[in-house]
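Presented below is the structure to which this report refers.
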Amino acid sequence: MTHDTLSSRRRFLGVATAAASQLGLLAAFDVRAADASPAASTRGSAPWTLKTVRAGDLEIGYAEAGPSDGPPVLLLHGWPYDIHCYEEVAPRLAAAGLRVIVPYVRGCGTTRFLSADTPRNGQQAALASDAIALLDALGIRQAIVGGCDWGARTACI
């Protein structure tokens, strides 16, 4: 990924965070002031824990950072990206006290179909159903949801 692409994404996430803050979605959390060292978020050593959970028709692989009792934030990646597109923002959100959950969407990473009979469908509604199944499996009733690329479209559903 080029430096220009990463800079563009950082600017977008900064604007999105500021907008969410203005709308009261992040209320007491000042994610801009959170201290996260860029050196701590190099590919393959992101400051999160990789986990899996059975959720609906899938076994979903996901990364988690932050306190388990913090307000949950679900970040959805697009295609052809993966969870690593959030390895710089996740530590900032976690440092602000948020529970950050970044799943591999169906067909990516460690997420697996549990049955050969499950339709291989990449429609936004299917991806949104997967996200809801993940939140249900984790016992999360409500979360802030964000995304990039296809993940942004899914977050809107």
Filtering the range 123-134 down to residues that are more than 14 Å from the chain's Cα centre (by Cα) and free of Cβ contacts under 8 Å to residues at least 40 places away in the same chain yields Gln123, Gln124, Ala125, Ala126
Checked Ala90, Ala94 against criteria (over 13 Å from Leu50 (Cβ atoms) and in a helix (DSSP H, G or I)); the one match is Ala94
Scanning the range 35-74 residue by residue, those touching a helix residue (DSSP H, G or I) at 6+ places or on another chain (Cβ under 8 Å), at pLDDT 95 or above and either closer than 16 Å to Tyr104 by Cα or open to solvent by 60 Å² or more (accessible area, probe 1.4 Å) (or both) turn out to be Val53, Arg54, Ala55, Leu58, Ile60, Tyr62, Ala63, Ala65, Val73, Leu74
Flagged in the range 106-121 as surrounded by fewer than 14 Cβ atoms within 10 Å (Cβ to Cβ), among the hydrophobic types (A, V, I, L, M, F, W, C) and touching a residue at least 24 places away in the same chain (Cβ under 8 Å), in numbering order, are Leu114
| Within the bounds of the range 75-83, is there any residue that is within 21 Å of Ser129 (Cβ to Cβ), without any contact (Cβ under 8 Å) to a residue 60 or more places away in the chain, part of a helix (DSSP H, G or I) and open to solvent by less than 10 Å² (accessible area, probe 1.4 Å)? | yes
Pairing a residue in the range 135-150 that is closer than 9 Å to Val73 by Cα and open to solvent by less than 30 Å² (accessible area, probe 1.4 Å) with any residue that is of a type in the set (Gly, Ala, Ser) and not in a loop (DSSP other than H, G, I, E, B), where Cβ atoms lie under 7 Å and the two sit 6 or more apart in sequence or on different chains, gives Gly146/Ala16; Gly146/Ala155
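The values are calculated or read from the model by the stated rules, or taken from the named source; none is laboratory data. Please read all numbers here as calculations on a predicted model, not as lab measurements. Ideal geometry is used to build each Cβ from the backbone, glycine not excepted, and the neighbour counts take in all protein chains shown. These accessible areas exclude ligands, DNA and RNA; they are computed on the full protein's heavy atoms, side chains included. Shrake-Rupley method; radii C 1.70, N 1.55, O 1.52, S 1.80 Å.
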